[in-house]
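Here is the structure we will look at, set down as C-alpha cells.
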Protein chains: 2
Amino acid sequence: VGEFDLIARYFARPVRRAALGVGDDCALLCPRPGTQLAISTDTLVAGRHFFADVAPHALGHKALAVNLSDLAACGAQPLAFTLALTLPAADEAWLAGFASGLLALADAHGCELIGGDTTAGPLSITITVFGEVPQGRALLRSGAQPGDDIYVSGTLGDARLALNALQGQRPLPPEVLAHARQRLETPSPRVALGLALRGLATSAIDLSDGLLGDLGHILERSRVGAEVEADDAIELIASRAYFTGATSQFSSEDWRQQAYPLALAGGDDYELLFTAAPQCRAEVAQAAATAQTPVARVGRITAQPGLRVRDAQGQNLAAHFASFDHFA
Amino acid sequence: VGEFDLIARYFARPVRRAALGVGDDCALLCPRPGTQLAISTDTLVAGRHFFADVAPHALGHKALAVNLSDLAACGAQPLAFTLALTLPAADEAWLAGFASGLLALADAHGCELIGGDTTAGPLSITITVFGEVPQGRALLRSGAQPGDDIYVSGTLGDARLALNALQGQRPLPPEVLAHARQRLETPSPRVALGLALRGLATSAIDLSDGLLGDLGHILERSRVGAEVEADDAIELIASRAYFTGATSQFSSEDWRQQAYPLALAGGDDYELLFTAAPQCRAEVAQAAATAQTPVARVGRITAQPGLRVRDAQGQNLAAHFASFDHFA
C-alpha cells in the first residue's frame, strides 16, 4: 500500500474541533478569543530515545506523552497535534499498534490529530502539539521567587532504573522491572495538574532530562538559586521498597548511593517540577487532590545563585551530577 | 558544546510576533481575531529528500521552503515555525550554514522560529509551520468545479532534471545543471501568489510529488475529473531551450518523450497548481502580476471523473505516469 493509503487507514479520523484536519495542504485551527496557543515539538529517535524493538503501542503512547507533558508544564489544555513519522518500511502491524497507542492517549486528552507527514527513513517520530491557555496565564520557567517551595509530582527515577536494567547494567526481579518499565515506556503526562496549577505555581517545567538539569533551566530563567534535599527526592522512587524493604540485600547507604543519581539525574520521568510560595501549601495540596496527582516538596528557591543538593549528612552533592545533554 | 548552547547560538533570536519563543516548555502564539491558523508539517530525510552532502545553506532554505509552499497552497500568510533537527553530530560549521539558509528565507517571509528540538541521530529535519488566513478564506483542495481552468505557476520539471543529472542518469552541461540544481535545492515558495489567489482560485495544492499526482488529490477531494495538455506542461520546463534550441542534438520527438515525465511527474517543483473559473482569466493574470509570479494554463476540470493527459497527437498518456509515492 502507498503512503496516502497508510495515513488514511490508521490516522485519518473525522475532524472534531479543528476547522480542517488531515488531507489538505494545511490543517486549520481556530483558537478561542482570549486564548493563546501553546506549541511544543519533540522528536524521538530509535536507538536514542527508545529501543527499536519497543512495543509499537507503547511507542505511540510515549511519542505523544512527552509532548503533552510540555503542554502540562505550561498549564495548557491540549487541543491538537501533527505527526511526522519516518519509518524504514510500511509495516502494517507496527502501524496499527503505534496508531492505537497514540490515538488512545490523544482521545484521553481530547487532543486531535490534524496533520502530518509520513516518510521512508530511519525510524523517528516528531510530534508538534497545540494547547490552549487563557491569555497571560501560561506557567513559565521564569517566575520562581526566593523562598518558594520546589515541588515534584508523582515519582522519580523509576524510568532510569528500567533503562539501566534493560541495558543489562542492573539486574532487577521481573515484577520490579515491569513496574519501572511502565514508567519508562508509558509515562503519564500531568496535564490535569498543570491546569490546576495555573495562577498558583510561580514557575514550572517538565522533567525530561532529570531533576537537577531541568531545575537548572528554571534557575537560569528566573535568575535565582535553589537548595534541594536529596533524601526527599529519593523518597519519590516508586521501586524503593525493593531496595529498602526487610528482605533487601542493600544497606541503607548502598541504596542512597544508587538512589541519588536515579532521582536527581535519571531523566525520562515526565513529571512536573514547579515552584510555589510557601504560604500556598494548602492550595498546592488542593490542586494536587483536584488533579489526583501526588506532589511532594523537595527543596526551596534561594536568592543566592547556584544549585545546592544536600544529602543526609548535609553535604553538597551538586557537583556529582551533570544535566543529561543530548550532545554531551 | 551542548545542545542548549547550540540552539541558543544558532537559532534563538529576539521574539517579535509570538508572545514567547524558544526557551520555555512551549512557545505561545496569539492569532488575530477573525483568523484561522493554518498548520503544516514536512520532514526531509537525508538520502531520501536530499543528498547528505548538500550545502547546509541550501538545505536550511529548502526545509523551510517546502513548508512555506504548503501555506502558499492554502493562501495563508506565514507567521512562525518550529524546527525539529536530528543530527549525527554537533557540527558547528554545518549548523551555521544551515541556520543562515533557514533564517534568511524565514526573514524574507516574516516567519519566526518559535521553538524546536535538537536530537542526535540520522540527519533529518521536521518543520511545522504556522500561517494566518481570514476565517473561511483558505484555499482548499476540494473546491474545483467542472469547466474550471487548471493553472501552474512558474516552471516545471527542472528539479527532476537536476536530480537525474546528479544521480548520474543524464549528463548535462554545467550551466544547464547549475540552473536546474537551483530549482531542486532552493525552490521559491509561492506565498505571494497564494495570497493573491484568495477568493479567486477554486482549489489549490502545491506541487511536491509531480503535476499529475498532486492534481489527483484535487480531483479526489473535489470529486471531478480533468484533462491536461501535456504539450502545454512541457513548455514550462525552464531548461527546454537546451534540448530544443538550434544547436540541440535532440529531435523534437526525443525531447517530448524526455520532457513529458519531467513536467508531468517530476516532483520537487514547489509550484502552485490551482483552478479558477474561465471567466476569471483576467483576474488570474492580475493576481500573477501582483505576485510577480508567472502562471500558465495546462488543462481544465471536467465533470467526467478520471484524469486524461493529451499529447500532441491527442493520445492519452495518463496510464504512463504514476504519482510519486514515498512507499511505492
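Key figures
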{"item": "Segment B:206-248: trypsin sites (Lys or Arg not before Pro) in DSSP loop, at most 15 other beta carbons within 10 Å", "result": "B:Arg223"}
{"item": "Carbon + sulfur, % of accessible area of segment A:99-251 - ligands and nucleic acids excluded, 1.4 Å", "result": "48"}
{"item": "Enclosed volume per residue, in Å³, of the convex hull spanned by Cα atoms of segment A:171-308", "result": "123"}
{"item": "Taking segment A:154-313 and dividing mean pair separation by its residue count, relative contact order in percent (alpha carbons under 8 Å, at least six apart)", "result": "41"}
{"item": "Fraction in percent of alpha-carbon pairs per bin - 5 Å, segment B:199-238", "result": "5, 19, 24, 29, 16, 6, 0"}
{"item": "Leading residue at positive end of dipole, chain A (Cβ point charges), from A:Ala259, A:Gly121, A:Gly136", "result": "A:Gly136"}
{"item": "Rg in Å to one decimal, and Dmax rounded to a whole Å, for the protein assembly as shown via C-alpha atoms", "result": "27.0, 94"}
{"item": "Isolated Cys residues of the protein assembly as shown, judged by Cβ distance under 4.7 Å to other cysteines", "result": "A:Cys30, A:Cys111, A:Cys280, B:Cys30, B:Cys111, B:Cys280"}
{"item": "Using alpha-carbon coordinates, inclination of helix A:56-74 to the longest axis of chain A, degrees", "result": "60"}
{"item": "Charge dipole (the protein assembly as shown, unit charges on Cβ, about Cα centre) - positive-most of A:Phe98, B:Ile39, B:Gly306", "result": "B:Ile39"}
{"item": "Per residue convex hull volume, Cα atoms of chain B, in Å³", "result": "141"}
{"item": "Distribution of pairwise C-alpha distances over segment A:176-244, 5 Å bins, in %", "result": "3, 12, 16, 22, 23, 14, 8, 3, 0"}
{"item": "Degrees separating the helix B:174-185 axis from the principal Cα axis of chain B, which is the longest one", "result": "60"}
{"item": "Dipole magnitude of segment B:68-185, debye to nearest 20 (Cβ charges: Lys/Arg +1, Asp/Glu -1, about Cα centre)", "result": "360"}
{"item": "Computed label-point distance, nm, for sites B:Ala241 and A:Ala241 using a 7 Å Cα→Cβ extension", "result": "8.1"}
{"item": "The protein assembly as shown, dipole about Cα centre (Lys/Arg Cβ +1, Asp/Glu Cβ -1), debye to the nearest 20", "result": "1180"}
{"item": "Signed unit charges on C-beta, dipole axis of segment A:47-189, positive-most listed residue A:Ala159, A:Pro56, A:Ala73", "result": "A:Ala159"}
{"item": "Cα extents of segment A:38-189 along the three principal axes, largest first (Å)", "result": "46, 40, 24"}
{"item": "Between 0 and 90°, nearest 10: helix B:252-265 axis offset from chain B longest Cα axis", "result": "40"}
{"item": "Rounded accessible area per residue of chain A, 1.4 Å, Å²", "result": "38"}
{"item": "Label-point separation, B:Phe250 to B:Glu175 (7 Å along Cα→Cβ), nm", "result": "1.7"}
{"item": "For the pair A and B, total buried accessible area rounded to nearest 100 Å², probe 1.4 Å", "result": "5000"}
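The values are calculated or read from the model by the stated rules, or taken from the named source; none is laboratory data. Keep in mind that what you see is a predicted model, and the values were worked out from it rather than measured. All Cβ positions, glycine included, derive from the backbone under ideal geometry; neighbour counts span all protein chains shown. The area values use the complete protein model at the heavy-atom level, side chains included, leaving out ligands, DNA and RNA. Shrake-Rupley method; radii C 1.70, N 1.55, O 1.52, S 1.80 Å.
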